[in-house]
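Novice: Starting off with a structure, shown below.
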Amino acid sequence: MSSQQQNGSIELSGKVFITGASGFIGKALAKRCRELGAEVSGLDFKADAEWGVIAGDLTDPQQWKHVLQGVDLVIHTAAIVSNTASMDLAWSINVKATAALLAHCEEAGVKRFLQLSSVAAYGFSATQDVNEDQPLRPMGNTYVDTKIASEHSVLACHASGAMDCTIVRPGDVYGPGSRPWLVLPLEMIKSGKFMLPAHGQGIFSPVYVDDIVNGILLAATQPEGAGQIFNISGGIAPTCAEFFGYHARMANAKPLKTMGTRAARMLAEIARVVITTFGGTTELGGGTIDMLSRKAGYSIAKADQLLGYRPQVSLEEGMRLSEEWAVKAKLL
C-alpha cells in the first residue's frame with residue numbers, strides 16, 4: 001500500500017479488504033479504492049463477483065480468513081448498527097467478531113487496519129462540540145456500549161505493535177442509497193408517520209457519503225493516522241428540523257411534526273414494546289429519540305490538522321444529489 005502523499009491527497013495501491021463490502025459505505029469505499037488503483041476484495045452476506053465480494057459470516061472466520069493473505073489494508077465497516085438490537089447480538093458482531101478479525105489480520109501479516117466506529121460512542125448528552133479527547137461512558141444503549149468496547153480491541157492491537165490501527169468515528173452519513181437518512185425518512189414522511197423530538201431542535205451531524213469515503217481513506221493511508229481516532233463529519237451542525245426539512249420538501253409534504261423529548265421517548269418506547277412483542281423489528285425506541293435530541297455536534301479539527309480532511313459537498317448539494325437518486329429509484 002502506497003502512502004507517499006501530502007496531507008489532503010490520497011494515493012492507494014496494493015490489496016484492500018473491506019468487511020460489509022456491499023453496504024452503503026462499503027460499496028462506496030470499494031469503488032473509490034479501485035479508482036485509486038487498489039485491488040479490492042470484501043466480505044458480506046451475499047457474494048458479488050463483480051465487486052470481488054465473497055459470501056460469509058463475520059463470526060465464522062473459516063469461511064473468509066484465507067482472503068486476508070497478502071492484504072495490505074483492512075477496512076472494517078461491518079457492524080450491527082441499531083439502537084434496539086439485543087446486547088448478545090451486538091456484542092457478538094461489534095466486539096467479539098472485531099477482536100477475532102484483528103487476530104486473523106495479525107496472523108496474515110496485514111499492515112494496516114481501520115475500524116469504522118461511530119460518533120455514537122460519545123453518547124448523546126454532550127452540550128458543546130465534542131472532540132476525540134472526550135472520555136467515553138457506557139450508557140446502557142447496546143450500540144453505544146459495543147462501539148466503545150470494540151474500539152478498545154482496536155487500540156489494544158495498535159498498542160501491542162502487531163499492526164498499525166486507526167479508528168474513524170463518522171457523523172450521520174447520508175447520500176444516494178442511504179437507508180437510515182434518506183429512504184426511511186422519505187417513506188415515513190410520505191405516510192405521515194414522521195415526527196421529531198426536542199421540537200425539531202436536536203442537532204444533526206450530516207456528512208455526505210463521498211466525504212466520509214475521502215476521510216476514511218486519508219485516515220487509513222497517511223502515516224499521521226496510525227494509532228489515532230478521528231471524527232469525520234461534514235463540519236456543520238444543522239438542527240434535525242433543518243436536515244429533514246429537505247426530505248419534506250422533496251416529498252411535497254406538510255411541515256414536519258415535532259414534540260417534546262420526554263413525550264417522544266415515552267411514545268417510542270411503547271411502540272418498540274408493542275412491535276417487538278408481536279415479533280416485529282423497529283428502530284423506534286429511547287435510543288433513537290436520544291440521538292435525534294442531541295445538543296451538540298462533533299469537531300473535525302483534528303482530521304483537518306493531521307490529514308488535511310475538508311468536506312467538499314455542501315448540505316444543499318448533497319441533498320440535491322440525494323433527491324436526483326430518489327427520483328430515479330421511484331421513491332418520489
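The values are calculated or read from the model by the stated rules, or taken from the named source; none is laboratory data. None of the values given here were measured: they were computed from a predicted structure. Neighbour counts run over all protein chains shown; Cβ positions are idealised from the backbone, glycine included.
Novice: Regarding I93, is this residue surrounded by fewer than 22 Cβ atoms within 10 Å (Cβ to Cβ) and either outside any helix (DSSP H, G or I) or of a type in the set (S, T, N, Q) (or both)?
Specialist: no
Novice: Out of G234, G280, G287, G227, report the one residue that is in a loop (DSSP other than H, G, I, E, B), among the small types (G, A, S) and modelled with pLDDT under 95.
Specialist: After applying the criteria, what remains is G280.
Novice: Is at least one residue of the stretch 130-145 touching a Lys or Arg at 6+ places or on another chain (Cβ under 8 Å), among the aromatic types (F, W, Y) and either within 17 Å of H76 (Cα to Cα) or surrounded by 17 or more Cβ atoms within 10 Å (Cβ to Cβ) (or both)?
Specialist: no
Novice: Give the residue, chosen from A49, A38, A28, that is without any contact (Cβ under 8 Å) to a residue 12 or more places away in the chain and either in contact with a Ser or Thr (Cβ under 7 Å, 6 or more places away or on another chain) or small (G, A, S) (or both).
Specialist: A49
Novice: Only one of these is over 20 Å from the mean Cα position of the chain (by Cα), in a loop (DSSP other than H, G, I, E, B) and over 16 Å from K111 (Cβ atoms): I54, I10. Name it.
Specialist: Step by step, each of I54, I10 is checked, and only I10 is over 20 Å from the mean Cα position of the chain (by Cα), in a loop (DSSP other than H, G, I, E, B) and over 16 Å from K111 (Cβ atoms).
Novice: While we're looking at this one, here's another question. Under 6 Å by Cβ, and 6 or more places apart or on different chains, what pairs join a residue from the stretch 106-134 that is over 20 Å from S82 (Cα atoms) with one that is charged (D, E, K, R)?
Specialist: Sorted first by the residue in the stretch 106-134, then by its partner, the pairs are K111/D72; R112/D164; T127/K295; E132/K302.
Novice: For the structure I just gave you, tell me whether Q62 is outside any loop (DSSP other than H, G, I, E, B) and within 22 Å of the chain's Cα centre (by Cα).
Specialist: No; evaluated as a whole, the condition is false for this residue.
Novice: Can you tell me which of V207, V213 is in a strand (DSSP E or B), in contact with a helix residue (DSSP H, G or I) (Cβ under 9 Å, 6 or more places away or on another chain) and buried (at least 20 other Cβ atoms within 10 Å of the Cβ)?
Specialist: The conditions single out V207.
Novice: Give E39, E50, E107 a once-over and let me know the one that is at pLDDT below 95 and either among the β-branched types (V, I, T) or surrounded by fewer than 20 Cβ atoms within 10 Å (Cβ to Cβ) (or both).
Specialist: E50
Novice: Among (1) part of a loop (DSSP other than H, G, I, E, B); (2) modelled with pLDDT of 95 or more, there is one condition A156 misses while meeting the rest; what is its number?
Specialist: Unmet condition: (1).
Novice: Answer yes or no: is there a residue in the stretch 25-33 that is assigned to a strand (DSSP E or B), modelled with pLDDT of 95 or more, of a type outside the set (V, I, T) and touching a helix residue (DSSP H, G or I) at 6+ places or on another chain (Cβ under 8 Å).
Specialist: For the stretch 25-33, residues assigned to a strand (DSSP E or B), modelled with pLDDT of 95 or more, of a type outside the set (V, I, T) and touching a helix residue (DSSP H, G or I) at 6+ places or on another chain (Cβ under 8 Å): absent.
Novice: Scan the stretch 137-194 for residues that are among the basic types (K, R) and more than 17 Å from A329 (Cα to Cα) and jot them down.
Specialist: Result: R137, K147, R169, K193.
Novice: Checking the conditions here, which among K257, K330 is among the charged types (D, E, K, R) and touching a residue at least 12 places away in the same chain (Cβ under 8 Å)?
Specialist: Testing whether each residue is among the charged types (D, E, K, R) and touching a residue at least 12 places away in the same chain (Cβ under 8 Å) leaves just K257.
Novice: For the stretch 168-194, give me each residue that is assigned to a strand (DSSP E or B) and either in contact with an Asp or Glu (Cβ under 9 Å, 6 or more places away or on another chain) or closer than 17 Å to S117 by Cβ (or both).
Specialist: Answer for the stretch 168-194, where residues must be assigned to a strand (DSSP E or B) and either in contact with an Asp or Glu (Cβ under 9 Å, 6 or more places away or on another chain) or closer than 17 Å to S117 by Cβ (or both): V168, R169, P170, D172, V173.
Novice: Turning to a different aspect of this structure: For the stretch 287-332, which residues satisfy the criterion of being surrounded by fewer than 16 Cβ atoms within 10 Å (Cβ to Cβ) and among the basic types (K, R)?
Specialist: K295, R310, R320, K328, K330 - these are the residues of the stretch 287-332 that are surrounded by fewer than 16 Cβ atoms within 10 Å (Cβ to Cβ) and among the basic types (K, R).
Novice: Select from the stretch 241-256 the residues that are loosely packed, with under 13 Cβ neighbours inside 10 Å and either touching a Pro at 6+ places or on another chain (Cβ under 8 Å) or modelled with pLDDT under 95 (or both) and write down the one among them that is nearest to Q201 (Cα to Cα).
Specialist: Step by step, filter the stretch 241-256, then rank; the result is P255.
Novice: While we're on this one: Restricting to the stretch 195-226, name every residue that is small (G, A, S) and touching an Asp or Glu at 6+ places or on another chain (Cβ under 7 Å).
Specialist: S205, A226
Novice: Does the stretch 154-175 include one or more residues that are over 24 Å from G286 (Cβ atoms), among the hydroxyl-bearing types (S, T, Y) and more than 19 Å from the chain's Cα centre (by Cα)?
Specialist: Yes, the conditions are met somewhere in the stretch 154-175.
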